[in-house]
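Only one structure is covered here, and it is reproduced in the block below.
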Amino acid sequence: MSAAQPLLSAAVRQLSRSAYGVVAAPVRGFQVFRIDGYSWTKTLPAGERISSGQFVGGGRRWHIDYYPNGADRDGDSHSDSISLFLRFAGAGFQKERVRAQYKFSLLDPSGNAAHSGDEPEEDVGAGLRDFVTKEELERRRETLLKDDCLVIRCEVSVTELGVLAVAPKESHNAKRQDDDSDWEGGGSESSRRRRQPLDDMEYIRRSLAKNRRV
């Protein structure tokens, strides 16, 4: 029993502490989807879509889905409007549930946004069923349908998390004698041997001061 006491005492004296940081930041991307021959797309049945090629936004792959006669196949609710949807195409082999912010715009011949609509953060698969009425498109043909061309821009923003290395280095035995960055003590070799580990408040202060992206 007495032989175990020194080991127990040593374990009690050991200090365990850590610091960990993350940073959240938006990752953005966009696609311009040009549709020549808008008038012919109106001949498609309600609920039928025209999809863009894949594009990358926020490190994920997406499609724009354009429904010239609305997204509902029954053709009753939204047949007077075009519908736009952002469709998640995946990020690789693993299934992933993604939440994103996105904004659709129709561009004029100069590339400026002439009509816009956006959604708050949503599960991807949602969209804008009544993005714009076909009546308004025809009324603004010189701006939105010049030469029977419809141009859609979709901007996507996904929040990603990165790791911040915020913990001060604490290498008691393997510490190089010429590195005193996270130790208290003087400058001579003899004084380095007498240095003590950082106290708790100094450890916290240095954790808050660091800002290193991993």
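The values are calculated or read from the model by the stated rules, or taken from the named source; none is laboratory data. Keep in mind that what you see is a predicted model, and the values were worked out from it rather than measured. Cβ placement follows ideal geometry from the backbone for every residue including glycine, while neighbour counts extend to all protein chains displayed. Accessible surface areas use protein heavy atoms only, side chains included; no ligands, DNA or RNA. Shrake-Rupley method; radii C 1.70, N 1.55, O 1.52, S 1.80 Å.
Going by what's in this entry, would Val166 be described as buried (at least 16 other Cβ atoms within 10 Å of the Cβ) and modelled with pLDDT of 90 or more?
Considered against the rule, which asks whether it is buried (at least 16 other Cβ atoms within 10 Å of the Cβ) and modelled with pLDDT of 90 or more, Val166 comes out as no.
Among the listed residues Asp147, Asp130, Asp178, Asp118, identify the single one that is of a type outside the set (Ser, Thr, Tyr) and modelled with pLDDT under 55.
Just a single option satisfies the conditions, and that option is Asp178.
Name, by its number, the condition in (1) open to solvent by 80 Å² or more (accessible area, probe 1.4 Å); (2) more than 30 Å from Glu202 (Cα to Cα); (3) in contact (Cβ under 8 Å) with a residue 24 or more places away in the chain; (4) not β-branched (Val, Ile, Thr) that does not hold for Ser39.
So Ser39 meets the others, but not (1).
For the subset of the range 42-70 comprising residues that are among the polar types (S, T, N, Q) and under 22 Å from Leu144 (Cβ atoms), which member is surrounded by the fewest Cβ atoms within 10 Å (Cβ to Cβ)?
Thr43
Residues of the range 136-163 being open to solvent by less than 50 Å² (accessible area, probe 1.4 Å) and part of a helix (DSSP H, G or I), which ones?
If the condition is that a residue be open to solvent by less than 50 Å² (accessible area, probe 1.4 Å) and part of a helix (DSSP H, G or I), then Glu136, Leu137, Leu144, Asp148 are the ones that fit.
Hey, could you check the range 71-115 for residues that are assigned to a strand (DSSP E or B) and open to solvent by 40 Å² or more (accessible area, probe 1.4 Å) and say which is modelled with the highest pLDDT?
Taking the candidates together, the pick is Ala113.
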